[in-house]
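Colleague: Take this structure first; my questions come after.
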Amino acid sequence: MATLKGDGTSFFQILIGALIALAFIGSIATAILGTTTTEQQTNITIAVPAAGEATDLYGRELIDIIEIYNETDEDMTQENITLRTAISDTTGLLTVQIYQNGTDSIYNGDDANISYTFKPDGYLNLAGARGVHALTIIMSALAILVFVIVVLIKQGSLGELIGRR
């Protein structure tokens with residue numbers, strides 16, 4: 001029966017270790033991406049609330065209103081229909097809302113097509129915190145590299161090359 005020695009054993013150890021590490025890094029990177037990047041909703045349709053009322057939309061904090069139009073491409077901001085960041089009456093959390101200021105408009109109950117940019121739930125406002133989160137991915141990649149080098153030195157031909165074996 002043949003046995004693997006040296007680089008063959010190292011190859012399988014590196015393969016298994018790298019696969020496990022990449023599985024963890026993938027989920028970490030996904031979580032970090034959600035806390036460090038802004039998002040955009042494009043052309044969502046929602047009914048215009050009555051005057052003084054608000055309807056919750058997706059997102060924690062509004063950054064920019066791109067457009068609020070009806071089905072016939074009329075700008076609805078002329079009728080005091082706008083987006084805002086406020087505390088939700090239903091959830092008690094900070095959220096983006098469509099809001100009708102003042103008196104009822106001709107668009108009451110009509111569908112509005114809205115596009116906006118926002119900070120999602122969990123977004124880190126501090127640039128330093130976002131930077132540290134990004135470093136987590138870099139440090140994870142460096143950990144994989146160190147793992148590969150250590151395995152090659154201990155069991156592979158790299159150890160023989162530098163005389164450590």
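The values are calculated or read from the model by the stated rules, or taken from the named source; none is laboratory data. All of these numbers come straight from a predicted model, not from anything done at the bench. Cβ sites come from the backbone with ideal geometry, for glycine too, and all protein chains shown count toward neighbours.
Colleague: Mind telling me which of the residues 28, 32, 44, 87 ends up being in contact with a Ser or Thr (Cβ under 8 Å, 6 or more places away or on another chain) and crowded, with 16+ Cβ neighbours inside 10 Å? Break it down stepwise before answering.
Modeller: Details: 28 fails: crowded, with 16+ Cβ neighbours inside 10 Å; 44 fails: crowded, with 16+ Cβ neighbours inside 10 Å; 87 fails: crowded, with 16+ Cβ neighbours inside 10 Å.
32 is the lone residue from the list that is in contact with a Ser or Thr (Cβ under 8 Å, 6 or more places away or on another chain) and crowded, with 16+ Cβ neighbours inside 10 Å.
Colleague: Which of (1) among the acidic types (Asp, Glu); (2) more than 30 Å from residue 159 (Cβ to Cβ); (3) in contact with a Ser or Thr (Cβ under 7 Å, 6 or more places away or on another chain) does residue 73 not meet, given it meets every other one?
Modeller: Unmet for residue 73, out of (1) among the acidic types (Asp, Glu); (2) more than 30 Å from residue 159 (Cβ to Cβ); (3) in contact with a Ser or Thr (Cβ under 7 Å, 6 or more places away or on another chain): (3).
Colleague: Hey, another quick one. In segment 52-76, which residues are more than 22 Å from the chain's Cα centre (by Cα) and either at pLDDT 85 or above or loosely packed, with under 15 Cβ neighbours inside 10 Å (or both)? Please lay out each step first, then the result.
Modeller: Initial filter on segment 52-76 (more than 22 Å from the chain's Cα centre (by Cα)): 52-55, 67-76.
Passing the criteria: 52, 53, 54, 55, 67, 68, 69, 71, 72, 73, 74, 75.
Colleague: Let me ask something additional. Among 25, 46, 32, which is out of contact with any helix residue (DSSP H, G or I) (no Cβ under 6 Å at 6 or more places or on another chain) and not in a loop (DSSP other than H, G, I, E, B)? Break it down into steps so the answer makes sense when it comes.
Modeller: On the way: 25 fails: out of contact with any helix residue (DSSP H, G or I) (no Cβ under 6 Å at 6 or more places or on another chain); 32 fails: out of contact with any helix residue (DSSP H, G or I) (no Cβ under 6 Å at 6 or more places or on another chain).
Step by step, each of 25, 46, 32 is checked, and only 46 is out of contact with any helix residue (DSSP H, G or I) (no Cβ under 6 Å at 6 or more places or on another chain) and not in a loop (DSSP other than H, G, I, E, B).
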